[in-house]
Amino acid sequence: MTASAAPSSAAGMGTARDRADLAAWMRGAAEALNVMSRRGPADRLSAADEAIGLLIGCVEHVEPAGWRGAGLPPPQTHRAAAPSPGPGAGRAQVRAGDPAVVHLARAATRLLCSTRPAAQRPQMWDRLAGFFTASAEPLLRRLQATVLFNRVEAEDVAPEVVDGLFSLYEWYRDSYGRDAYLTSLARTNLSIAYRRRAAGTDLADAAGICREELEIRVLRYVPDHPFTLVARNLLARCLLAQAEAADDEQERRGLARQAYSEADRVRAARDRLYGATSSNATLSRRHQGHALLLLGDMERARACLRYALAFERQRNDNTEWRGSGRTHLLLARVCLALGDRAAALGHARTAWRLLTRDAPRGQACRDAAALLRQLDWNTEGNCRGPGIR
C-alpha cells in the first residue's frame with residue numbers, strides 16, 4: 001500500500017462528498033494493511049509508517065503530537081504522500097471519530113504491536129483506546145476487547161480481565177445474537193482467557209466454548225474456511241492444555257491424539273491456503289509437535305518442531321524471532337526425552353531468554369526456568385537459576 005494512491009479529491013475542497021470519498025479510501029487502506037501482517041518485520045513497520053502518515057494528513061484537528069500520544073509516532077522520514085501533514089483549510093479531511101479513522105489507526109497499531117513483545121502491547125492498545133474515548137460505542141467496545149485480549153496474551157488473567165471479556169461477550173450476544181461475527185470473536189477471546197488462567201474448570205470450559213464455536217462456524221461457513229480453521233486451531237490448543245494437565249496417562253494420550261488430528265487438519269488446509277512456511281501453517285506445525293511430544297513420538301516431534309523453528313526464523317527476515325520461545329521450550333523437552341541433554345540445555349536457555357522478553361509473567365516462562373534449573377543440575381552438578389547467568 002502506498003499513500004500516493006489516495007483519491008485526488010483529497011487535495012481539493014473539503015466537500016461532504018470529498019470527505020466521504022476519503023473516508024472510504026482510508027477504510028480500504030486499512031483492509032489492505034492486513035496483507036502486510038504476513039510480511040517480515042521491516043515491511044510491517046514500513047506499512048505502519050505509511051498508515052500513520054495518512055492519519056496525520058487526512059484527519060482534522062489532530063496534530064502529529066496527538067497521534068504520538070495515541071501510540072502512533074510520526075515516521076522519522078515521512079513517506080506518506082497524502083494531504084500535507086496536519087489540518088489545513090481547503091483540503092478534504094475527516095473527523096477523528098470517523099469509523100474509517102478508527103479502523104486505520106487500529107490497523108497501524110496492530111502492525112506496530114506485531115513487532116513488540118507481548119508484555120508491551122496492552123499499554124499500546126490502551127493508549128489508542130484512550131485517544132478515541134469520544135468515538136461511537138461499538139468501536140470503543142472493540143478497542144476495549146482488544147486491550148483485554150492483549151492483556152491475556154501477555155499472561156495477565158486477573159479477575160477484572162476475564163470478567164471484562166465475559167461482560168463483552170454477553171453484550172455482543174445480547175446485542176447481535178449468538179451466531180454474529182462479533183459475538184464469535186468475543187466468545188473465542190473468552191475461551192483463550194479461560195485456557196490461559198487454567199483454574200478450576202477453566203480448561204474444560206475453554207474446550208466446551210471452542211467446540212461450540214467450531215460447530216457454529218462449520219455451519220455458517222465451510223469446514224476449511226479460514227475463519228473455521230481459527231476455531232479448530234483454538235480447539236487443538238485447548239486439547240493440548242487439557243492433555244498437559246491430565247494425571248491419567250491414558251486420558252493424556254487420548255487428548256493428545258485428538259489435538260494432533262485437529263492440528264494436522266488445520267495445518268494441511270493452511271498449507272494450501274497460505275503456503276507451508278506461512279505463520280498460520282507454522283503455528284499448526286508447532287501444535288503437531290507438541291501433540292507428538294505428549295504421545296511419546298519424540299523423533300517425529302523433534303523433526304516437526306525443527307521445521308516450525310526454521311519457518312519462524314524465515315518469517316522474521318531470517319533472524320531469531322522473539323515468539324519462538326515456546327518452540328524452543330518444546331524442543332528442549334523433546335531433546336531431554338531423547339537423552340540429548342546438551343541440546344536440551346541450549347534450547348531451554350534460548351526459550352527462557354525469549355520468553356522473559358516477550359511475556360515474563362507467563363506459565364511458559366516459569367516452565368522454561370524450571371526446566372533450565374533441572375538441566376543445569378543434571379549437567380553441571382548444581383542448580384543455578386537462569387537469572388544468575
### Message
Between ARG306, ARG257, which is at pLDDT 95 or above, of a type outside the set (Val, Ile, Thr), farther than 18 Å from ALA332 by Cα and surrounded by fewer than 16 Cβ atoms within 10 Å (Cβ to Cβ)?
### Response
ARG257
### Query
Can you find even one residue in the range 325-342 that is of a type in the set (D, E, K, R) and closer than 30 Å to ARG44 by Cα?
yes
### Task
Scan the range 68-93 for residues that are surrounded by fewer than 22 Cβ atoms within 10 Å (Cβ to Cβ), of a type outside the set (Gly, Ala, Ser) and modelled with pLDDT of 75 or more and jot them down.
ARG68, PRO73, PRO74, PRO75
### Query
Can ALA100 be described as in a loop (DSSP other than H, G, I, E, B) and either at pLDDT 50 or above or touching a helix residue (DSSP H, G or I) at 6+ places or on another chain (Cβ under 9 Å) (or both)?
no
### Message
Yes or no: the range 130-143 includes at least one residue that is at pLDDT below 90, within 17 Å of the chain's Cα centre (by Cα), small (Gly, Ala, Ser) and more than 16 Å from VAL59 (Cα to Cα).
### Response
no
#### Entry: Residues within the range 92-129 that are charged (D, E, K, R) and under 12 Å from the mean Cα position of the chain (by Cα), tallied
3
### Any pair with Cβ under 9 angstrom, 6 or more apart, that starts in the range 206-217 at a residue that is in contact (Cβ under 8 Å) with a residue 24 or more places away in the chain and buried (at least 18 other Cβ atoms within 10 Å of the Cβ) and ends at one that is among the hydrophobic types (A, V, I, L, M, F, W, C) and not in a helix (DSSP H, G or I)
ALA206/ALA198
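The values are calculated or read from the model by the stated rules, or taken from the named source; none is laboratory data. Treat the numbers as computed from the prediction; the structure is a model and nothing was measured. Because the Cβ atoms are built from the backbone with ideal geometry, glycine has one as well, and the counts that use them run over all protein chains shown.
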